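Undergrad: Would you mind keeping the following structure in view while I ask a few things?
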Amino acid sequence: MGFYPPEDGYDVPIEHFEVDELDRILETCVSLLTAQGFRRPTCFRAGGWMSGPHVQAALVRNAFALDCSAVNPQLSIRRFGDIPLAAG
């Protein structure tokens, strides 16, 4: 059990959903936002290091242009070397 009381979906990391499930989640979120007068979102952020291949695939399928999910700088350094972005 997590910090908060059990709640359907609360303790499920977003990356654990399949891409098709994430498609439905994103489509529903976009629909709810636009129905309330907001512009269609084009950027996304998964909190707490929860983004991964499933999330990335669903974002591409749903025409999101930018993902600003948090990433451990050590992962960037290992993959891309010592770059200014990782040093920040």
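The values are calculated or read from the model by the stated rules, or taken from the named source; none is laboratory data. These numbers were taken from a predicted model, which means no experiment stands behind them. Cβ sites come from the backbone with ideal geometry, for glycine too, and all protein chains shown count toward neighbours.
Undergrad: Which members of the stretch 32-61 meet the condition of being assigned to a helix (DSSP H, G or I) and exposed (fewer than 14 other Cβ atoms within 10 Å of the Cβ)?
TA: Leu32, Leu33, Thr34, Ala35, Pro53, Val60
Undergrad: Now a separate question. Taking the stretch 15-29, which residues are surrounded by 13 or more Cβ atoms within 10 Å (Cβ to Cβ) and among the polar types (S, T, N, Q)?
TA: None; the set is empty.
Undergrad: Within the stretch 28-52, can you find the residues that are aliphatic (A, V, I, L, M) and more than 14 Å from Pro13 (Cβ to Cβ)? Before you say what the answer is, go through the steps one by one.
TA: Let us first name the residues in the stretch 28-52 that are aliphatic (A, V, I, L, M), namely 30, 32-33, 35, 46, 50.
Correct list: Val30, Leu32, Leu33, Ala35.
Undergrad: Within the stretch 62-82, can you find the residues that are under 23 Å from His16 (Cα atoms), at pLDDT below 85 and part of a loop (DSSP other than H, G, I, E, B)?
TA: Matches in the stretch 62-82: Ser69, Ala70, Val71, Asn72.
Undergrad: Another one. Got a number for residues in the stretch 1-20 being modelled with pLDDT of 70 or more and closer than 18 Å to Gly47 by Cβ?
TA: 6
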